[in-house]
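Heads up: the structure comes next, in structure tokens.
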Amino acid sequence: MLKNDSSPIWERPERQPRPVPVPLSREVVVQAAIALADAEGLSSVTLRKVAGVLGAGPMRLYGYIATKEELLALMVDAIYAEMLEGEDATGAWRARIARLAGHLRSAALRHPWFAALLGGRPQQGPNALAFTEAMLSAVAEAPGIDDIDTVFLATKVIGAYVVGAVCDEAADAAATQESGQTKAQWQDANWPYIQRMIATGRFPMLSKVAHQMTHPAPGTLFGRGLDRVLDGIAGTTSTSR
């Protein structure tokens, strides 16, 4: 069992791996937890169940990770590490932001549970911090942004859009899995009701969405939405207050 230690998991030394009966390390534990979450969902991830997957006693895991919350934090940071593989700071600011946003969306599609952990307080693992640093650095190169308050605010706006879009996709995928009904099937089932509501004349804009919108694929829609956000940021001029 870990001694009482208030230091963050990122800065806490881990015990040396023991070769028998099962070689363990934080990395081994985290990767097993990620595989379990990918296969069975986030609710399946407990220290006891991860220990069972590894063929180890639960008490052995406490030598590396003290709580489930720490395990989840390490899992999230491992996904941020995936996003940063091969990433560099080259290219124009918009291209860099689009690349980073695309990495986050792709990671959420590979790991459906990941989106559920993106809300709330900012992630503070070293890889999550590196991702945030990369995003801040790209935003800082946008025209008309010359103070850190505006850089931070613009980055928050981008993050709100990206996380919101990713969570919407994840929720739709989860609904499909739970109901066994695809989005298209769900829309077909509800279309008669929507037609009746549109026919009342109370929803002219929704009528245009239903009848005139091109309804692009999720990836295309994600990119177009991000372009609109970046168009706004490109037109930002800093003002003194």
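None of the figures in this text is laboratory data; all of them are computed from the coordinates on show. If you're wondering where the values come from, they're calculated on a predicted model, not measured in any experiment. FYI the Cβ positions are ideal-geometry reconstructions off the backbone, even for glycines, and counts take in every protein chain you see.
Things worth noting here:
- Euclidean distance between Cα centres, the stretch 139-186 to the stretch 69-137, Å: 12
- In terms of its C-alpha gyration tensor, the chain comes out oblate, because a/c is 1.5 or above while a/b does not outweigh b/c.
- The stretch 44-99: GluC sites (Glu not before Pro) in DSSP coil with no more than 14 other Cβ atoms inside 10 Å: E85, E87
- Sites matching trypsin sites (Lys or Arg not before Pro) across the stretch 167-205 that sit in DSSP coil, with at most 10 neighbouring C-beta atoms within 10 Å: R202
- Long hydrophobic helices in the chain: the complete DSSP H runs spanning 27 Å or more by Cα along their own axis with mean Kyte-Doolittle hydropathy of at least 0.0 are 148-179.
- Residues within the reach of a label modelled at E87 (point 7 angstrom out along Cα to beta-carbon, backbone nitrogen below 15 Å), restricted to the stretch 161-188, are 162-163.
- MRE, 222 nm, helices only [DSSP H, n ≥ 4, -39500 (n - 2.57), over the chain, to nearest 500]: -20500 deg cm²/dmol
- Neighbour cut-off at most 16 other Cβ (10 Å), DSSP loop, GluC sites (Glu not before Pro), the stretch 93-193: E141
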